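Visitor: The structure under discussion is supplied below as structure tokens; questions concerning it will follow.
The values are calculated or read from the model by the stated rules, or taken from the named source; none is laboratory data. The structure presented is a predicted model; accordingly, all values stated were derived computationally and were not measured. Cβ coordinates were reconstructed from backbone atoms using ideal geometry, including for glycine residues, and neighbour counts include every protein chain displayed.
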Amino acid sequence: MTAFDAYRPDRGRAELVVAERLTREYELGGQTIRAVDELTLRVRRGEMVAVQGRSGSGKTTLLNLLGGLDRPTTGTVRFDGLELTELADDQLTELRRRRIGFIFQSFGLIPILSAAENVEIPLRLVGAEPAARRARIAMLLEMVGLAERARHRPHELSGGEQQRVAIARALANGPELLIADEPTGQLDSQSGRAIMRLVRAVARSEGVTVVVATHDVALVSLSDRVLELRDGRLVSEGQPMSSPPV
């Protein structure tokens, strides 16, 4: 048994993610760049949080730290009480496979695989039984409205459909946390809003906590709470402003 195996989800814990005095520095051209600067935040279980900010404000770096894709220079990240900075690389990998899902702007689908096969990848990685895999894939593709497109490869799908497959794949292993980095950046506004409505709907139905980075003000209105970053610092936090229905 690994140290990671000893941890089990604590559904009674109100805060799923807690970051304390989080800093991430990079060396670039002989200079030290502070992408995230002494940032503290808490994300409650079941919440959908939008992270706003200009390009270079630190949004992607922050999401990578919260999802265990990167390690902070200083500070801590706790996921369901588990201190990520204390985990070895293989333990972080196992955590991400089983408890955290990721959606990226570039979709990240494997071109030679069908929609169903792309969704199946995370299930294979955790050793899910074939019958369970088939049932989960069918349910997720139905949920995102692509049951009839299961055998299609990415080049046969629209951008919006490809992102729907990516959402289904991110949800395959029933994650507690969904990290979405500019998930509508390559889509037109109508498709983007449909995707964000879908993210919100499936997150509610699956009981998933969501942290999403987005530039789109209209999409921010779909969140429960908005964080604004500037130069790696959290400069404001509050409820989204009302906007026309999306």
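Visitor: Among the residues of the range 37-55, count how many are in a strand (DSSP E or B) and over 14 Å from the mean Cα position of the chain (by Cα).
Guide: 8
Visitor: Something else about it: Suppose we keep only residues that are assigned to a loop (DSSP other than H, G, I, E, B), touching a residue at least 12 places away in the same chain (Cβ under 8 Å) and small (Gly, Ala, Ser) within the range 106-127. Which one would you say is nearest to Ala213 (Cα to Cα)?
Guide: Ser106
Visitor: Are any residues in the range 70-83 within 16 Å of the chain's Cα centre (by Cα) and hydrophobic (A, V, I, L, M, F, W, C), and if so, which ones?
Guide: Val77, Phe79
Visitor: Quick check on my filter: what residues within the range 84-98 are more than 18 Å from the chain's Cα centre (by Cα) and among the acidic types (Asp, Glu)?
Guide: Residues satisfying the conditions are Glu86, Asp89, Asp90.
Visitor: Looking at the range 203-227 only, could you name the residues that are hydrophobic (A, V, I, L, M, F, W, C) and over 20 Å from Leu63 (Cα atoms)?
Guide: Ala218
Visitor: Taking the residues in the range 129-166 that are aliphatic (A, V, I, L, M) and in contact (Cβ under 8 Å) with a residue 40 or more places away in the chain as candidates, determine which candidate is nearest to Leu178 (Cα to Cα).
Guide: Only one residue fits best here, namely Ala166.
Visitor: Under 9 Å by Cβ, and 6 or more places apart or on different chains, what pairs join a residue from the range 16-45 that is without any contact (Cβ under 8 Å) to a residue 12 or more places away in the chain and more than 20 Å from Phe79 (Cβ to Cβ) with one that is in a strand (DSSP E or B) and of a type outside the set (Val, Ile, Thr)?
Guide: Tyr26/Arg34; Tyr26/Ala35; Thr32/Glu25; Thr32/Tyr26; Ile33/Glu25; Ile33/Tyr26; Ile33/Glu27
Visitor: Looking at Glu161, Glu228, which is the one that is assigned to a helix (DSSP H, G or I), modelled with pLDDT of 90 or more and of a type in the set (Asp, Glu)?
Guide: Result: Glu161 is the single residue among Glu161, Glu228 that is assigned to a helix (DSSP H, G or I), modelled with pLDDT of 90 or more and of a type in the set (Asp, Glu).
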